[in-house]
Amino acid sequence: MRAIVSVSDKTGVVDFARGLKELGVEIFSTGGTKRALEEAGVPAHGVEELTGFPEILDGRVKTLHPAVHAGILAKRNLPSHLSQLAEKGLVTIDLVVVNLYPFVQTIAREGVSLEEALENIDIGGPTMIRAAAKNFPHVLVVVDPEDYQPVLEQLGKGGVEIEERTKLAQKAFQHVALYDTAIAHYLRPEEEKFPERMTIALRKLYDLTYGENPHQQAAFYMEEAIGEETSIARATQLWGKELSFNNVLDLDAALSVVRDFSPPTIAIIKHNNPCGLACHDDLAEAYRRALAGDPVSAFGGIVASNRAIGLATAQEIEKTHFDAIIAPDYEEEALSLLKRKRDLRLLKIGPLAEKGIPTLDFRRVGGGFLLQTEDFEAEDVTLRPVTERQPTPEEIKDLLFAWRAARHVKSNAIVLVKDLALLGMGAGQPSRVDSVEIALKKAGERAQGSVLASDAFFPFADGVELAARRGVTAIIQPGGSMRDEEVIRAANEHNMAMVFTGVRHFKH
């Protein structure tokens, strides 16, 4: 039995090769892998002993040779194939152990050049993998170090069954497909958002306890073709039970909210909506104000912070039951305190990176996907006053906060804000006036003197009139309704200030 062993990720390869040698397998290798094996005392032939041809072009061409690929692709059950090998003095290759140059890791480095990226595009590796996977009934192909030990055990028992060979081949083709996807993603021009053909490179991070409901299975996958960035996929869980499908959704929503605010900010998320949100120089005070927004809904929710959580904030959080907390970091005393809650999931995200170019948002529909650019808005939103009364400086601060908050609430979205804290929120209602009623009910008497944000225009004046009767003093909304004049007139009648943004923030 002969094997070609040539890997970029050398995890476990020495022990695997040693095990192969003990089973009598003849090993051929290249470059760094051959050196690693020989330094560990595992003898290996150079691939040039198979090909009779030296490496050329700085190693770019070494396995691209008929002696390699004929040996891999020959069907052992066809005498004509075997006779042709014999006529040419070639031998069969029975095992291909290959994984590819670290292209994704290379392009993730800051300042990497195009030349460096191109040099890390593997050619010979994918070709051998595909050849071996095509001929998997006769040739074993191993691309994942996790498969080394199982393959050794099965070879030691006399051979690898066809079912396992099929799994290995599927994994091999997927390995190459992900690799090619990463390259295509990297080379695609930045302005070409929606190419004619597109693949997505996903790697499973872990299985989840269940899906949206306990009878549904679920897993969490990470996009491999994107560089390092702040995301829930790259968070580290420091404590607590395994994450569920709904936990991940809510943690992602929570992280998205707090990243949108520059001052110290706390968000409390329930069912993908912020039921609590506040900014304050004192993070513990920001938490108290966020919790006051809707303490009933907050129970069992998710807490997110855009600052490291210290002991004072942890002492406040610890008083209420939450499913999870996500923050850039935790002070040691805060972490010790929060770990007293056995089931509380604690996630660390690290420093919040600046938001870059908006990414694509994928939505699954029957038979396909909808793609759109991220709903991304610059800090300097333009406010166009449309009422007789102009908003005061304090109202403008709250209006901008409310506008940013509304972008994270399910449509139809209405939020009430005062002193940079969310007082009430109406979300996901078919009628906008219903969302206004819910937000006002949540705010109660606190609605007096608050401001209101609407993610889309008011189609009628009823929502404005209802808010005015409960003491709302200013409104921010996109404008653009055919009844804008009617809506503005209602605001003027109640001495309200209203500003238009010209931008809508639907979130379905």
- Note on the structure: 1/(1 + (r/R0)^6) with r = Cβ-Cβ of Asp282 and Thr382, R0 = 45 Å, i.e. FRET efficiency to nearest 0.05, evaluates to 0.90
- Message: Give me log10 I(q)/I(0) at q = 0.06, 0.08, 0.10, 0.11 Å⁻¹ for the chain, Debye formula, one equal scatterer per alpha-carbon, no solvent.
- Response: -0.42, -0.66, -0.87, -0.97
- Between 0 and 90°, nearest 10: helix 124-134 axis offset from the chain longest Cα axis: 80
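With +1 on each Lys and Arg Cβ and -1 on each Asp and Glu Cβ, how big is the dipole of segment 1-64 about its Cα centre, in debye rounded to the nearest 20?
On the way: 8 positive and 10 negative charges, 17 e Å.
Here segment 1-64 has a charge dipole of around 80 debye.
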- Using the Kirkwood formula over every pair of different C-alpha atoms, what hydrodynamic radius in Å results for segment 247-351? 13.0
- Separation of the Phe53 and Arg342 label points, Cα + 7 Å toward Cβ, nm: 6.5
- Along Cα→Cβ, 7 Å out, is where each label goes; now give me the distance between the ones at His271 and Glu493 in nm to one decimal. 3.4
- Item | Distance cut-off 24 Å, percentage of C-alpha pairs in segment 22-138 lying past it | 35
- Message: Tell me the angle of helix 432-443 to the major Cα principal axis of the chain, expressed in degrees between 0 and 90 and rounded to the nearest ten.
- Response: 80
- Note on the structure: Summing -39500 (n - 2.57) over every DSSP H run of at least 4 residues in the chain and dividing by its residue count gives a helix-only mean residue ellipticity at 222 nm, to the nearest 500 deg cm²/dmol, of -10500 deg cm²/dmol
- P(r) of segment 349-508 in 5 Å steps, Cα pairs, percent per bin? 2, 10, 18, 22, 20, 13, 7, 6, 3, 1, 0
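For segment 209-349, give me the percentage of DSSP beta bridges that are antiparallel, rounded to the nearest 5 percent. Let's see the in-between values first.
Details: 13 of 21 bridges.
Counting only bridges with both partners in segment 209-349, antiparallel ones make up about 60 percent.
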- Percent relative contact order of the chain, based on C-alpha pairs within less than 8 angstrom and at least six residues apart? 8
- Which lysines, on any chain, are close to Lys10 with Cα under 21 Å apart, when same-chain ones fewer than 8 places away are left out? Lys21, Lys34, Lys62, Lys171, Lys204
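Loop-only GluC sites (Glu not before Pro) in segment 367-440, please: DSSP not H, G, I, E or B, and at most 15 other Cβ atoms within 10 Å.
Details: sites: Glu374, Glu377, Glu379, Glu388, Glu394, Glu395, Glu437; in loops: Glu374, Glu377, Glu379, Glu388.
Those that pass, being in a loop and sparsely packed, are Glu374, Glu377, Glu379, Glu388.
Within 10 Å of each residue's Cβ, count the other Cβ atoms and sort Asp147, Asp419 from fewest upward.
Working: Asp147 19, Asp419 15.
Sorted ascending by nearby Cβ count, the order is Asp419, Asp147.
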- Query: If one takes the longest principal axis of the Cα atoms in the chain, at what angle in degrees, from 0 to 90 and to the nearest 10, does the Cα axis of helix 283-293 lie?
  - Reply: 70
- Tyr210 and Arg109 label points (each 7 Å along its Cα→Cβ direction) are spaced in nm at 4.6
- Quick one: work out the % antiparallel among DSSP beta bridges in segment 2-187, nearest 5. 5
- Task: Compare the Cα positions of Phe136, Ala290, Met482 along the charge dipole of the chain (+1 at Cβ of Lys, Arg; -1 at Cβ of Asp, Glu; about the Cα centre) and return the one farthest towards the positive end.
- Result: Phe136
- Item | Among beta bridges that DSSP assigns inside the chain, antiparallel share in %, nearest 5 | 55
- Item | Cross-link reach list, aspartates and glutamates versus Lys167, counting only Cα pairs under 17 Å and skipping chain neighbours closer than eight places | Asp94, Asp144, Glu146, Asp147, Glu153
- Message: Given the options Tyr179, Val433, Pro66, identify the residue whose Cα lies farthest towards the positive end of the charge dipole of the chain (+1 on Cβ of Lys, Arg; -1 on Cβ of Asp, Glu).
- Response: Val433
- Count of lysine pairs in segment 382-500 with Cα separation under 18 Å (8 or more residues apart, or interchain): 5
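No lab work stands behind these numbers, since they all come straight from the coordinates. What you see is a predicted model, and the numbers here were worked out from it, not measured in a lab. Using ideal geometry, Cβ is built from the backbone for each residue, glycine included, and neighbour counts are taken over all protein chains shown.
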